[in-house]
1. Can you list the aspartates and glutamates whose alpha carbon sits under 15 Å from that of Lys13, skipping same-chain ones fewer than 8 residues off?
2. Within the chain, what's the longest run with no trypsin sites (Lys or Arg not before Pro) in a DSSP loop and at most 15 other beta-carbon atoms within 10 Å? Give the range, please.
3. Per DSSP helix of 4 or more residues, -39500 (n - 2.57); summed, then divided by the residues of the chain. What does that give at 222 nm, rounded to the nearest 500?
4. Between the range 1-36 and the range 42-57, what is the C-alpha centre distance in whole Å?
5. Filter the chymotrypsin sites (Phe, Trp or Tyr not before Pro) in the range 14-57 down to the DSSP loop ones having no more than 15 other Cβ atoms within 10 Å, then list what survives.
6. Enumerate the calculated ³J(HN,Hα) couplings along the range 48-57 in order (Karplus 6.51 cos²θ - 1.76 cosθ + 1.60, θ = phi - 60°), each rounded to whole Hz, writing x wherever the residue is Gly or Pro.
7. Can you work out the Karplus-derived ³J(HN,Hα) for every residue in the range 30-40? Use 6.51 cos²θ - 1.76 cosθ + 1.60 with θ = phi - 60°, whole Hz, and x for glycine or proline.
8. Assign unit charges at the C-beta atoms only (+1 for Lys and Arg, -1 for Asp and Glu), then state the dipole size of the chain relative to its Cα centre in Debye, rounded to the nearest 20.
Amino acid sequence: MRNKDIKDYFKSKGVPMWRAAERLGIADSNFSRMLRYEISEDKKAKIFKIIDELAAE
């Protein structure tokens, strides 16, 4: 499964994916489509950071 690490991290932190999409400024449907394909390590790092920030709120 592509980007399984990101999807698992969302679950472990209890953060819905749509909130990260909102923070990135994209529609949640586009975010889901983006995760269908392996994304770069830079983008992954940005997403992990956003998940941590949202979990801390």
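The values are calculated or read from the model by the stated rules, or taken from the named source; none is laboratory data. Because the structure is predicted, anything quoted here is derived from the model rather than measured. So basically every Cβ, Gly included, is an ideal-geometry build from the backbone, and we count neighbours across all protein chains shown. What goes into the accessible areas is simple: the full protein's heavy atoms, side chains included, and nothing from ligands, DNA or RNA. Shrake-Rupley method; radii C 1.70, N 1.55, O 1.52, S 1.80 Å.
1. Those aspartates and glutamates meeting the cut-off are Asp5, Asp52, Glu53, Glu57.
2. Formally, the longest exposed-site-free interval is 3-35.
3. That comes out to -21500 deg cm²/dmol.
4. 10 Å
5. Here the chymotrypsin sites (Phe, Trp or Tyr not before Pro) that fit, given the DSSP loop and packing criteria, are Tyr37.
6. With the stated coefficients, the range 48-57 comes to 4, 5, 5, 4, 4, 5, 5, 5, 7, 6 Hz.
7. 5, 5, 4, 5, 4, 6, 5, 10, 4, 9, 5
8. 200 debye
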